[in-house]
Amino acid sequence: MSRQYTEPDDSFRHPKKQIYSYSDVLKITNNFNTIVGKGGFGVVYLGYIDDTPVAVKMLSPSAVHGYQQFQAEVTLLVRVHHKNLTSLVGYCNEANHKALIYEYMANGNLHEHLSGNYSKSKFLSWEDRLRIALDAASGLEYLQNGCKPPIIHRDVKSTNILLNEHFQAKLSDFGLSKIIPTDGGSHVSTVVAGTLGYLDPHYSISSRLTEKSDVYSFGVVLLEIITNQAVIARNQEKGHISERVNSWIAKGDIKGIVDSGLEGDFDINSAWKAVEIAMACVSLIPNERPMMSVVVVELKEALATELARTKNNSGVNSRYSVESVNVNLDTEFMPLAR
């Protein structure tokens, strides 16, 4: 397979990542033989590089703002490296053929498992859900605090949280991401973009994008993880998931909030902790939302509480030990009804 280190379009070159020709892409995907996903960007195909599976996302010529998103994603992914962000293997930028090549995530996305709309879907236990939430939060925390300047994802949602063969979660789809300017500002004024239901209401109204916009979106995802309910329920008076959860909080009924499919198999204090975190994240006042570093700490506490309940039954999962997540920092969140 030929490997090119010169880019046909000299105005767009990232030598730190492998550059593939279109003929390489055809070989990698076996002439686009297996489709594993579709989206506004284009079609995603299964491919192999030296027997290692990869996901190849081809830009559709009809994709609105597709090339700008392609550029944005490559530009961002060549400079970020974290276990909870999908890794870019390389890309193709040859004439009209644009492709992004990622590590393959064998277990699809979070939404597919919550909804059961996946051929290999697994019912997620409470521990599974907390681990996935912690993984996603850690990825976001890295974008906020591990990147200089910080990066705002701008499209955090359950379909953009991918799961590998070990059910480790990784954030994906950075085509809408924005870098916070280095001039000391805390926001970016930009055209509103994102997904209905996950979109920060303050950003939607003001066009002022901040790190707290991602915090809001993560809070919505966490509510999905907890409740396994639709983000927007069009046939209900309380249409948004946060409104529905808030009504259950007023009743002090945690079992009415948590996914009934779990059949009560969770630690109640752990569940309340997760709900408190989520509701703090979806505050309508951005300054009242926690930083993702705080969210990570609180989710570790929630996971440690659940592990303490289950450790005598099935042992401790190898990805995290009770000791590694058992932190005792004071919470920034106000207690909810219990």
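Regarding region 301-309, can at least one residue be identified that is in contact (Cβ under 8 Å) with a residue 40 or more places away in the chain and either surrounded by fewer than 20 Cβ atoms within 10 Å (Cβ to Cβ) or touching a Pro at 6+ places or on another chain (Cβ under 8 Å) (or both)?
Residues of region 301-309 that are in contact (Cβ under 8 Å) with a residue 40 or more places away in the chain, as a first pass: 302-303, 306-309.
Among the residues that remain, those that are also either surrounded by fewer than 20 Cβ atoms within 10 Å (Cβ to Cβ) or touching a Pro at 6+ places or on another chain (Cβ under 8 Å) (or both) are: 308-309.
Scanning region 301-309 turns up at least one residue that is in contact (Cβ under 8 Å) with a residue 40 or more places away in the chain and either surrounded by fewer than 20 Cβ atoms within 10 Å (Cβ to Cβ) or touching a Pro at 6+ places or on another chain (Cβ under 8 Å) (or both).
With over 24 Å from E276 (Cα atoms) and crowded, with 20+ Cβ neighbours inside 10 Å as the only criterion, which of G219, G175 stands out? Give the derivation first.
Details: G219 fails: over 24 Å from E276 (Cα atoms).
Selected residue: G175, the only one of G219, G175 that is over 24 Å from E276 (Cα atoms) and crowded, with 20+ Cβ neighbours inside 10 Å.
Across region 214-248, what is the total count of residues that are of a type in the set (A, V, I, L, M) and more than 19 Å from P201 (Cβ to Cβ)? First the steps, then the outcome.
Applying the first criterion (of a type in the set (A, V, I, L, M)) to region 214-248 yields 215, 220-223, 225-226, 230-233, 241, 245.
Then drop every residue that is not more than 19 Å from P201 (Cβ to Cβ), which leaves 225-226.
Final tally of qualifying residues: 2.
Have a look at I132, I101 and point out the one that is among the β-branched types (V, I, T), buried (at least 22 other Cβ atoms within 10 Å of the Cβ) and under 22 Å from F218 (Cβ atoms). Give the derivation first.
Numbers: I101 fails: under 22 Å from F218 (Cβ atoms).
Every option except I132 fails the conditions.
Can you find even one residue in region 37-46 that is in a strand (DSSP E or B), within 23 Å of K120 (Cβ to Cβ) and among the basic types (K, R)?
Residues of region 37-46 in a strand (DSSP E or B): 37-38, 42-46.
Next, only the ones that are within 23 Å of K120 (Cβ to Cβ) stay: 37-38, 43-46.
With among the basic types (K, R) added as a condition, the list becomes 38.
So far as region 37-46 goes, yes, one or more of its residues are in a strand (DSSP E or B), within 23 Å of K120 (Cβ to Cβ) and among the basic types (K, R).
Pull up region 19-45, narrow it to residues that are in contact with a Phe, Trp or Tyr (Cβ under 7 Å, 6 or more places away or on another chain), crowded, with 16+ Cβ neighbours inside 10 Å and closer than 22 Å to E165 by Cβ, then point me to the one that is modelled with the lowest pLDDT.
V36
State which residue is nearest to H202 (Cα to Cα) when the search covers only region 263-282 and only residues that are touching a residue at least 60 places away in the same chain (Cβ under 8 Å) and small (G, A, S).
Looking only at region 263-282, we keep the residues that are touching a residue at least 60 places away in the same chain (Cβ under 8 Å), and these are 265-267, 270-272, 274-276, 279-282.
Keeping just the survivors that are small (G, A, S) gives 270-271, 274, 280.
Numbers: S270: 29, A271: 28, A274: 23, A280: 15 Å.
Result: A280.
Of all the residues that make up region 260-275, how many are assigned to a helix (DSSP H, G or I) and buried (at least 20 other Cβ atoms within 10 Å of the Cβ)?
We begin by selecting, within region 260-275, every residue assigned to a helix (DSSP H, G or I); these are 260-262, 268-275.
Applying the additional criterion that residues be buried (at least 20 other Cβ atoms within 10 Å of the Cβ) yields 270-275.
Within region 260-275, residues that are assigned to a helix (DSSP H, G or I) and buried (at least 20 other Cβ atoms within 10 Å of the Cβ) number 6.
How about region 47-83: which of its residues are more than 17 Å from the chain's Cα centre (by Cα) and part of a loop (DSSP other than H, G, I, E, B)?
Hits for region 47-83 are D50, D51, S60, P61, S62, A63, V64, H65, V78, R79.
Identify the single condition in (1) surrounded by 14 or more Cβ atoms within 10 Å (Cβ to Cβ); (2) at pLDDT 80 or above that D50 does not satisfy, given that it satisfies every other one.
Every condition holds for D50 apart from (1).
Got a sec? Which of K83, K148, K98 is in the same structural domain as L223 (by TED's automatic domain parsing) and not acidic (D, E)? Quick ask: steps written out before the conclusion?
Values: K83 fails: in the same structural domain as L223 (by TED's automatic domain parsing); K98 fails: in the same structural domain as L223 (by TED's automatic domain parsing).
None of the other options fit; the residue is K148.
Please tell me if D128 is of a type in the set (D, E, K, R), outside the structural domain of K27 (by TED's automatic domain parsing) and within 25 Å of I49 (Cβ to Cβ).
Details: of a type in the set (D, E, K, R): yes; outside the structural domain of K27 (by TED's automatic domain parsing): yes; within 25 Å of I49 (Cβ to Cβ): no.
Spelling it out, it is not the case that D128 is of a type in the set (D, E, K, R), outside the structural domain of K27 (by TED's automatic domain parsing) and within 25 Å of I49 (Cβ to Cβ).
Could you tell me whether region 157-170 includes any residue that is over 26 Å from E127 (Cα atoms), of a type outside the set (D, E), assigned to a loop (DSSP other than H, G, I, E, B) and assigned by TED's automatic domain parsing to the domain that holds L209?
Residues of region 157-170 over 26 Å from E127 (Cα atoms): none.
No, the conditions are met nowhere in region 157-170.
Considering region 89-114 alone, what residues qualify as being within 16 Å of D24 (Cα to Cα) and either aliphatic (A, V, I, L, M) or in a helix (DSSP H, G or I) (or both)?
Within region 89-114, V89, A95, A99, L100, I101 meet the criteria.
The values are calculated or read from the model by the stated rules, or taken from the named source; none is laboratory data. Bear in mind the structure is a predicted one, so any value in this text is a computation, not a measurement. Neighbour counts are summed over all protein chains in view; Cβ atoms, including those assigned to glycine, are modelled from backbone coordinates with ideal geometry.
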